[in-house]
Structure formats: structure tokens, C-alpha cells
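Encoded as C-alpha cells, the structure appears first; notes follow it.
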Amino acid sequence: MNRKWRNTLALIGAAVAAPLYLLAPGAAAPRQRAPFYGVNFAHRGLHSRDRSVPENSLAAFTLAARAGYGVELDVQLSRDGQVVVFHDVTLKRVCGVDKRVEELSFEELRALRLCGTEQRIPLLTEALRAIRGAGPVIVELKNGTRNRELCEKTCAILEQYRGDVCVESFNPFIVTWFRFHARDLLRGQLASPMSDFRKDGMGRTMAFLLSHNLFNVLARPQFIAYKIGYRPPAVRATELLGAMRFGWTSHEPRNEKGRDGVIFEYYKPRLKFK
């Protein structure tokens with residue numbers, strides 16, 4: 001084969017290898033994957049549609065644990081640096097207070113009621129005590145203004161937890177932090193279609209990159225948790241390259257098909273489907 005053909009084949013090989021390198025997931029040992037494989041995870045705990053059992057409450061986590069489900073929950077920081085369990089950036093929808101979570105101390109947050117019930121915003125440590133290793137836990141780290149602090153404090157708490165736990169985030173730089181600082185923790189990249197990111201006010205370029213998992217080269221996630229529905233070819237390629245396939249948020253059992261883990265709400269599926 002002459003030099004011209006060798007160079008041509010080398011260029012073709014590089015063109016094929018480059019996108020695969022960018023999209024490739026991180027390798028996960030069987031012991032890391034096993035506790036989460038084929039599990040149904042209660043989204044923000046086993047909360048109720050009528051909000052009598054609020055999302056991300058100790059009551060919702062206790063119910064999920066008693067039933068034997070996996071649990072998904074969200075963490076962020078209070079003003080005084082406590083790792084609290086709460087989903088939204090603001091307290092308006094769940095607590096009726098037009099403030100950001102990070103603007104209030106934990107004492108101030110604790111005074112608020114969840115969805116008008118007697119349930120209060122818990123610490124991550126309290127949520128984990130309620131679950132007590134009854135099922136695997138997915139901890140979503142919310143994007144904020146003090147991400148490094150959130151990563152460090154969450155990681156320190158999880159290191160003390162005697163149960164199966166993994167982490168995920170929409171922010172690939174948070175996932176990247178765990179890649180380099182907590183290699184034994186299974187880590188996942190949360191994502192959704194580009195239109196969802198655009199609705200939240202994100203620029204077109206960043207929305208495209210996030211929706212297509214194009215930060216994998218930094219984070220090397222071991223699972224992809226993608227919004228149920230259409231998944232771009234780049235996301236499917238990452239799955240074919242070995243990433244576990246998680247879906248959120250399911251409202252019917254048929255969403256178990258073709259997935260390795262499902263985050264559900266408002267119905268009671270089987271505990272495991274694989």
C-alpha cells in the first residue's frame with residue numbers, strides 16, 4: 001500500500017475515532033453497576049400526587065424505603081453551607097416563599113413547611129438515615145453558585161453512608177469533579193432534549209452540547225439519565241459504548257423497556273425489572 005492510501009486510511013480512522021473518544025462513557029466495575037441495575041427509583045421519594053406526602057420529604061423517603069424501592073433525591077446548599085434536600089432553585093412552588101434556597105440559613109429553611117404539611121426540608125444526612133440502606137440511592141447535585149463546596153460536602157457525607165449510593169447532575173463539571181475525587185462512586189450525566197434547556201434560558205450552543213452529551217470527554221459518566229422520549233444519536237452512541245441507560249420521569253411501567261434503571265413517580269411498579 002502506497003503512502004497516499006495509508007494517509008487516507010489514517011484520516012478516515014481518525015475521523016471515526018474522534019467522535020467515539022468524545023462520547024465514550026467511563027468504565028464501571030460490575031460491583032458498581034450491580035446495585036442499580038434494573039431498579040425502579042422513587043422520584044424525590046414515594047411522594048403523592050395530592051402532595052399530602054410531599055416530594056423530597058422524610059415521609060416520602062421512609063415510604064420508599066419500607067416498600068423496598070430505590071430513591072432519587074436532590075441536594076443543594078443553604079446559605080450557611082448545610083447540604084439540604086430540595087429540588088427547585090426557589091422555595092415558591094413547594095413552600096410558598098419567594099426566595100432562593102441558597103439565600104436562607106438552614107434554621108430559616110427548617111421553619112418552612114413542605115406543600116402545607118408538617119413535613120420540613122431535611123438535611124441529606126437525615127434523608128439517608130430515613131432510607132437506612134433499604135434500597136439504592138441516586139443523589140442529584142443541583143447546579144448553583146458554590147458547586148465545589150456542594151461536591152466536597154456531599155462526597156464527605158456519602159463516604160459515611162452504609163448503603164448503595166451514586167451521584168448525578170445536569171452540570172457535567174459536577175460529574176467531572178466526582179470522576180477525579182470519588183472514583184468508587186458510580187456517576188451519571190443527567191440530560192434532556194435541547195428544547196428543554198432552551199426553555200430554561202440557556203444559549204443554543206450550550207443547550208446543544210448538553211443535550212448531546214458532548215461533555216463526556218471531561219466527565220466520563222458511567223450512566224446517562226435521559227428524559228424519557230427521543231434520545232439523539234450521540235446519546236444512543238454513548239449507551240452502545242457501555243453507559244448504563246436510565247430514564248426519567250416515568251409514569252407507566254412500559255418505560256422499563258430498553259433501560260437499565262427507571263426513575264418513576266405517581267404509581268407503584270415492581271421493585272426490579274431485570
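The values are calculated or read from the model by the stated rules, or taken from the named source; none is laboratory data. All figures in this text were calculated on a predicted structure; none of them were measured in a lab. Quick reminder, even Gly has a Cβ in these numbers, built from the backbone with ideal geometry, and neighbours come from all protein chains shown. What goes into the accessible areas is simple: the full protein's heavy atoms, side chains included, and nothing from ligands, DNA or RNA. Shrake-Rupley method; radii C 1.70, N 1.55, O 1.52, S 1.80 Å.
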Original post:
What relative contact order, as a whole-number percentage, does the chain give when Cα pairs under 8 Å and 6 or more residues apart are counted?
Top reply: 22
Original post:
Where the accessible area of the chain is counted over protein heavy atoms with a 1.4 Å probe, how much of it, in %, is carbon and sulfur?
Top reply: 55
Original post:
Top to bottom by accessible area (1.4 Å), largest first, where do PHE197, PHE215, PHE180 land?
Top reply: PHE180, PHE215, PHE197
**OP:** Can you run the Rg to Rh ratio on the stretch 44-163? Use alpha carbon positions and the Kirkwood inverse-distance Rh.
**Re:** 0.94
Subject >> Stretchable slack from ASP184 to LYS92, in nm (0.36 nm times residue separation minus alpha-carbon distance) >> reply: 29.5 nm
**OP:** Could you tell me how many degrees, from 0 to 90 and to the nearest 10, lie between the Cα long axis of helix 172-181 and the main elongation axis, the longest principal axis, of the Cα atoms of the chain?
**Re:** 90
Subject >> Inter-label distance for GLU108 and ARG31, nm, one decimal - labels placed 7 Å from Cα along Cα-to-Cβ >> reply: 4.5
Original post:
In square angstrom, what is the accessible area per residue of the stretch 153-274 with a 1.4 angstrom probe?
Top reply: 48
Original post:
With each pseudo-label sitting 7 Å past Cα toward Cβ, what's the LYS199-THR145 distance in nm, one decimal?
Top reply: 2.7
Original post:
For Cα Rg over 2.2 N^0.38 Å, which listed value, (1) 1.50; (2) 0.95; (3) 1.06, comes from the coordinates shown?
Top reply: (3)
Subject >> Accessible area in square angstrom per residue, the stretch 6-147, 1.4 angstrom probe >> reply: 46
Subject >> Unit Cα scatterers, Debye sum, the stretch 85-231: log10 I(q)/I(0) for q = 0.11 Å⁻¹ >> reply: -0.48
Original post:
Where does the chain land at 222 nm, in deg cm²/dmol rounded to the nearest 500, when only DSSP H runs of n ≥ 4 count, each adding -39500 (n - 2.57), divided by all residues?
Top reply: -10000 deg cm²/dmol
Original post:
Taking R0 as 22 Å, what's the FRET efficiency between TYR21 and LYS274 from their Cβ-Cβ distance, rounded to 0.05?
Top reply: 0.15
